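Bear in mind that the values in this text are calculations on the coordinates, not laboratory data. Please read all numbers here as calculations on a predicted model, not as lab measurements. Every residue, glycine among them, receives a Cβ derived from its backbone with ideal geometry; neighbour counts consider all protein chains shown.
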């Protein structure tokens with residue numbers, strides 16, 4: 001389905017695109033990043049940087065709202081896909097990391113959630129919900145605290161990790 005084309009046709013025909021019709025159009029997308037591609041196409045046609053920023057923010061918000069809907073529907077494959085699309089445009093979107101981490105947890109693949117939970121905590125270290133989910137995931141997987149601490153140090157890019165990354169580059 002060509003989402004942009006459907007929206008343009010509806011606009012030209014002055015159709016009322018109700019939320020139900022829009023939901024059906026979005027639900028039929030084969031490409032979960034279709035909204036982001038649509039916005040990127042609009043950004044290419046617009047030369048005002050402020051408008052480009054508004055379009056990007058709108059697309060991220062729309063996709064994050066869709067992920068919330070897919071969480072309620074328990075369609076965790078779509079949640080993961082949409083969050084991945086969002087993170088291509090906004091690498092600091094803590095909600096996208098958290099929701100993408102929830103998808104593998106719900107699909108009984110907890111080890112896949114670790115990196116996203118760790119990134120969410122790196123961005124928002126005071127969030128108790130993130131901390132709790134990480135503890136739950138570690139408990140399910142059974143990783144040692146030493147392994148977890150080393151992995152978190154890498155993600156935080158602390159001094160020890162920075163020293164390791166310099167080896168061979170001097």
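Here are some notes:
- Here the contact order of segment 61-123, divided by its residue count and restricted to Cα pairs under 8 Å and six or more residues apart, works out to 27 percent.
- Set of segment 85-100 residues, backbone N closer than 17 Å to the point 7 Å along the Cα-Cβ line of residue 122: 87-100
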